[in-house]
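Step one of this worksheet: look at the structure below.
The values are calculated or read from the model by the stated rules, or taken from the named source; none is laboratory data. Predicted, not measured: the structure shown is a model, and the values here were computed from it. Please note: Cβ atoms are built from the backbone with ideal geometry, for glycine as well, and neighbour counts cover all protein chains shown.
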Amino acid sequence: MWRSARRPERLSTRAFGDAAERRVRRHFRLRGYRVIETNAWVAGYELDLVVRRGQRLVVCEVKTKGGEDYGHPFEMVTEEKARRIRHAAEAWLARRPDLAGLEVALEAVAVRGRRVERAPFD
């Protein structure tokens with residue numbers, strides 16, 4: 001795991017992203033959410049994280065950047081990206097009739113150093 005906002009050179013892009021996803025899973029677990037699925041491929045797209053607390057299901061797109069010089073991670077969630085995630089979430093939910101009737105939220109989750117920021121999109 002990294003200690004500063006700058007990405008250590010020894011971490012590959014994949015390892016950096018995996019560390020961000022682990023941080024987000026921990027963030028949600030500490031807030032009472034249960035992890036339902038991670039890195040689910042459906043309809044040709046990946047859902048980074050699906051979590052649940054009570055009757056609320058949150059589908060997350062996790063984003064991180066190597067440092068402040070590279071902009072905010074939320075900038076990477078374009079309208080097209082949001083459309084794809086929404087489409088994948090609908091397809092994933094169609095395969096999970098046991099979750100029908102839950103409130104579903106789509107969120108972009110940014111990891112910036114040690115901070116985790118959440119923003120809804122739809």
Does any residue of segment 96-115 turn out to be part of a helix (DSSP H, G or I) and either in contact with a Leu (Cβ under 9 Å, 6 or more places away or on another chain) or surrounded by 15 or more Cβ atoms within 10 Å (Cβ to Cβ) (or both)? yes
Can you confirm whether Glu90 is modelled with pLDDT of 95 or more, of a type in the set (Asp, Glu) and within 12 Å of the chain's Cα centre (by Cα)? no
Tell me which residues, restricted to segment 58-95, are assigned to a helix (DSSP H, G or I), within 23 Å of Ala19 (Cα to Cα) and not aliphatic (A, V, I, L, M). Glu68, Asp69, Tyr70, Pro73, Phe74, Glu75, Lys81
Can you confirm whether segment 39-57 contains a residue that is outside any strand (DSSP E or B) and touching a residue at least 60 places away in the same chain (Cβ under 8 Å)? no
Hey, could you check segment 20-38 for residues that are more than 24 Å from Leu102 (Cα to Cα) and in contact (Cβ under 8 Å) with a residue 60 or more places away in the chain and say which is surrounded by the most Cβ atoms within 10 Å (Cβ to Cβ)? Ala20
